[in-house]
Structures are given as structure tokens and as C-alpha cells.
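Colleague: Quick one: structure below, then a few questions.
What follows draws every value from the coordinates through simple rules; no lab data is involved. The structure displayed is predicted, hence computed values, not measured ones. Because the Cβ atoms are built from the backbone with ideal geometry, glycine has one as well, and the counts that use them run over all protein chains shown.
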Amino acid sequence: MDQATDTVHRLDAGATLARIDELTEVLVDCVEGGASVSFMLPMARATADNFWRRVADGIARGERTLLVLEDAHGIAGTVQLITDMPENQPHRADVAKLLVHRRARNGGVGRRLMLAVEDAAREQGRRVLVLDTASGSAERLYERLGWQRVGVVPDYALMPGGALCQTAFYYKHL
């Protein structure tokens with residue numbers, strides 16, 4: 001990754017739909033690579049396309065922000081800020097679907113996306129962020145960025161191949 005030329009930016013609903021093939025490629029690659037991100041194997045492209053269409057709908061309604069990191073090959077990673085919170089939680093948001101294509105792993109993409117999503121949260125007046133992750137996946141990244149581990153729930157979700165996995169929950173005050 002060339003951090004001097006790689007860019008992180010927001011996609012609005014129209015741009016999300018226009019780039020659905022690239023977004024689908026990242027999601028399918030992550031699931032096929034074993035990431036526990038709510039989808040099972042085999043992952044049909046239509047399933048991923050439908051997911052990104054729902055994301056675009058949420059963006060259009062102002063319920064979420066989609067950030068992407070682009071490199072010379074296109075979209076290398078994504079992360080979302082979900083701001084559709086209950087009335088008593090206007091100060092909070094969820095961070096979801098930190099996805100990094102396998103071709104771009106270990107190059108700082110996840111770190112850059114997490115810093116960008118924290119900036120987006122600040123811009124939107126969000127002071128408390130929450131996320132969950134399959135234990136053992138991105139925990140080291142989150143902890144290096146100052147996220148506080150709350151705890152772990154055993155057998156919380158399934159890995160793409162069907163095995164149960166535990167999930168760790170984190171928060172961060174901005």
C-alpha cells in the first residue's frame with residue numbers, strides 16, 4: 001500500500017450503488033478468507049449485492065456512513081458508522097463491517113479506516129463508539145487504537161464455514 005496515494009473517503013448512496021461490484025468483491029473476499037462478518041459460505045454475489053443495496057438505503061436515510069479506502073486497484077477496504085440509535089442515545093454510534101481485501105492486509109488499511117471512522121463520528125457529534133468482533137480477528141488493532149474491551153460472549157456467532165465463535169465487545173470514548 002502506498003499511503004501517500006491511497007485515499008479514504010465517504011461514499012454517498014449513489015456512489016455506493018455505482019461501485020457495488022467493487023464493494024461486493026471486498027465482502028466476498030473477506031468471507032471466503034474466513035472473516036466472521038455475518039455471512040456464510042458459500043457466499044453468493046447476489047447476497048453481497050443485496051447487502052450493499054441495504055447499506056445504500058441506510059446512507060440515503062442518514063442512518064449510516066460508509067467509508068472506503070481506495071488504492072491503485074480500487075476499493076481495498078470499508079468500514080461503516082451506524083448512527084441510527086434509540087432516542088436516548090444520540091451521542092453514540094456503532095462501528096461495523098471493517099472489511100479489508102486480502103490483497104491489502106497488513107498494510108495499515110484497517111488502522112486508517114478506523115481512524116477515519118472515529119473522525120466521522122466526531123464530525124457527527126458522536127462521543128461513544130461500540131463495536132464487536134470475532135475473538136482473535138482484529139482485537140489487536142482495536143486495542144492499539146485505544147478501544148476498551150468490555151468482554152466476550154462465547155458461541156455468539158458462526159464463522160463462514162459453520163463453526164461457533166466467541167465475540168469480543170469494545171467501546172471507545174472520543
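Colleague: Residues with amide H under 5 Å of Ser135's amide H, sequence separation 5 or more or different chain, H placed in the peptide plane at 1.01 Å from N; which?
Modeller: Amide H to amide H, under 5 Å and 5 or more residues apart or across chains, Ser135 pairs with Gln166, Thr167, Ala168.
Colleague: Ignoring everything except DSSP H segments at least 4 long, calculate the 222 nm mean residue ellipticity for the chain; use -39,500 (n - 2.57) per segment, divide by total residues, nearest 500.
Modeller: Computed mean residue ellipticity for the chain: -10000 deg cm²/dmol.
Colleague: Any chance you could list the semi-axes, whole Å, largest first, of the equivalent ellipsoid that the Cα gyration tensor gives for the chain, using √(5λ)?
Modeller: 21, 20, 17
Colleague: With a cut-off of 8 Å between alpha carbons and a minimum separation of six or more residues, what is the relative contact order of the chain in percent?
Modeller: Answer for the chain is 22 percent.
Colleague: Only Lys, Arg, Asp and Glu count, each charged at its Cβ (+1, +1, -1, -1), so figure out the dipole size of the chain about its Cα centre, rounded to 20 debye.
Modeller: 360 debye
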